[in-house]
Amino acid sequence: MTAVKSILDTDLYKLSMSYAYFSLYPLAQGVFEFHDRAKESWEEYPDIVEQFKMEVAKLTDIRLTDEEKEYCIKNITYIPRTYWEWLTTFRFKSEYFKPWLDEDYVFHCSSGEPDLPLYEETFYEIATLVIYSRLRNKYKGWDEKFNMKKALARFEEKIDFANRNNIPFSEFGTRRRYSYELQEEIIKLIKEKSLTCTGTSNVYFAMKYNLKPQGTVAHEFIMFHSAVFGYKRANYLSLEAWKNVYRGDLGTALIDTFTTPSFLRTLTKQQALLLTGYRQDSGDEYAVGNAIIKRLKEFGIDPKSKLLVFSNALDFDKANEIYEYFNGRIKVGFGIGTNITCDPMIDGFKPTNVVMKLDTCRLSDKDPWEKCIKISDDIGKYMGDEKEFEIAIHELHLDKETTKN
């Protein structure tokens, strides 16, 4: 079993994030922390830690090949050749993955060291999630019940549904995929039969099957800015930084790191004009979408000229309902992940509910470490230090009762 097949077997936004740090904050450092929201117990399989380390060891042999480098230079043109030349030298370091089980046998993993730059450290997130998800599905016994034909038949029904209802979607399923093999077969089906899929977040599969690689920015970028520059203007400053790096490319903003109302409060007309779209990743889709439309109208911007991407735990039925509600008022798109790549049609199966977020960071080794938090529009997605949470609530003028975990 090899869970990760290539340096490009990751989400596009990991590359865009890496280059943003590489370009703007080359001395910045960070530590990521893995969280299993379901808190699954590994008491029956305590060797999961050693198995994880064995998979991590395989990552150290992976490098960006000449073919992959040339693909990136030709197809990801908003990142310059110099970055891709550097990426050929990047190697995962197994000692920077630190897995353990707590007293309840719940899996944890910390990733990062003081001497590892953030533009490298950001790659450890997806690799950790992919390896854990693969091991979890294998060692919990689900592989014994898995039937590829049955799983693909189920996904083909979803493609047919999307085709009939003209639902524009991107495949966002790498981080919690059931397996590499299932994701690849799904990508093949998309390539063959989908009329409405706009691309995939997985750069390796985009290259292999001639699909458009899709993705923009991650919560970690706004979390980084809030930690080192302050909460009050973190959304504004991160947007300005992103604009300075990509100059109009990758223009879909992530709006919910510190709640959508907070984002909209500091959004300027200039930024709203330059942005091509907005991504909703938590909260009520209808309330968030209406708030975006209202703010655009206040700026005198036609909402139909902008894209609203929904990506919060979607299935195709829910996407269709959202599409019908907003169609004609604003451009609509969907990023669908787990419902595509981790729906293996096994009785009793539940996908992983795991994330890995930036936990601490600093601008350089001359600066103190700062704690990172994420509030979001969903109470259950709040993550971070309680004291920092209180500070952010105060500085952002948020309602503590509606944002506490």
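If you go through segment 26-36 and keep only what is out of contact with any Pro (no Cβ under 8 Å at 6 or more places or on another chain) and surrounded by fewer than 22 Cβ atoms within 10 Å (Cβ to Cβ), you end up with 33, 35, 36. For segment 190-209, check the following and say yes or no: at least one residue is under 30 Å from residue 26 (Cβ atoms), in contact (Cβ under 8 Å) with a residue 24 or more places away in the chain and of a type in the set (Val, Ile, Thr). Within segment 190-209, one or more residues are under 30 Å from residue 26 (Cβ atoms), in contact (Cβ under 8 Å) with a residue 24 or more places away in the chain and of a type in the set (Val, Ile, Thr).
Tell me which residues, restricted to segment 99-124, are charged (D, E, K, R) and closer than 15 Å to residue 60 by Cα. The answer is 120, 121. Checked against (1) modelled with pLDDT of 95 or more; (2) of a type outside the set (A, V, I, L, M); (3) over 30 Å from residue 388 (Cα atoms); (4) part of a loop (DSSP other than H, G, I, E, B), residue 231 meets all criteria but (3).
From (1) outside any loop (DSSP other than H, G, I, E, B); (2) touching a strand residue (DSSP E or B) at 6+ places or on another chain (Cβ under 6 Å), pick out the condition that doesn't hold for residue 205. The failed condition is (2). Within segment 2-25, the set of residues being buried (at least 18 other Cβ atoms within 10 Å of the Cβ), of a type in the set (A, V, I, L, M) and either closer than 27 Å to residue 252 by Cα or within 16 Å of the chain's Cα centre (by Cα) (or both) comprises 7, 8, 12, 15, 17, 20. The residues in segment 365-397 that are under 25 Å from the mean Cα position of the chain (by Cα) and outside any strand (DSSP E or B) can be counted, and the count is 19.
A Cβ distance below 6 Å, combined with a sequence gap of six or more or placement on separate chains, defines the contacts here; from segment 54-77, residues that are within 19 Å of residue 211 (Cβ to Cβ) reach residues that are open to solvent by 80 Å² or more (accessible area, probe 1.4 Å) in the pairs 73/81. Among the residues making up segment 159-202, those that are of a type outside the set (Phe, Trp, Tyr), over 26 Å from residue 132 (Cα atoms) and assigned to a helix (DSSP H, G or I) are 159, 160, 162, 163, 164, 165, 191, 192, 193.
Only one residue in 292, 222 is surrounded by 15 or more Cβ atoms within 10 Å (Cβ to Cβ) and in contact with a Pro (Cβ under 8 Å, 6 or more places away or on another chain), so which one is that? After applying the criteria, what remains is 292. Is it the case that some residue within segment 127-134 is within 16 Å of residue 178 (Cβ to Cβ), basic (Lys, Arg) and within 24 Å of the chain's Cα centre (by Cα)? Yes, segment 127-134 contains at least one residue that is within 16 Å of residue 178 (Cβ to Cβ), basic (Lys, Arg) and within 24 Å of the chain's Cα centre (by Cα). Quick check: anything in segment 209-220 out of contact with any strand residue (DSSP E or B) (no Cβ under 6 Å at 6 or more places or on another chain) and in a helix (DSSP H, G or I)? The answer is no, given that none of the residues of segment 209-220 is out of contact with any strand residue (DSSP E or B) (no Cβ under 6 Å at 6 or more places or on another chain) and in a helix (DSSP H, G or I). Residue 352 falls short on exactly one of the conditions (1) part of a loop (DSSP other than H, G, I, E, B); (2) open to solvent by 20 Å² or more (accessible area, probe 1.4 Å); (3) out of contact with any Cys (no Cβ under 6 Å at 6 or more places or on another chain); (4) more than 16 Å from residue 169 (Cβ to Cβ), and that condition is (2).
The values are calculated or read from the model by the stated rules, or taken from the named source; none is laboratory data. These figures come from a predicted structure and were not determined experimentally. Counting neighbours? That spans all protein chains shown, and the Cβs are built from the backbone with ideal geometry, glycine included. Each accessible area value is taken on the protein alone, full model and side chains, heavy atoms only, with ligands, DNA and RNA left out. Shrake-Rupley method; radii C 1.70, N 1.55, O 1.52, S 1.80 Å.
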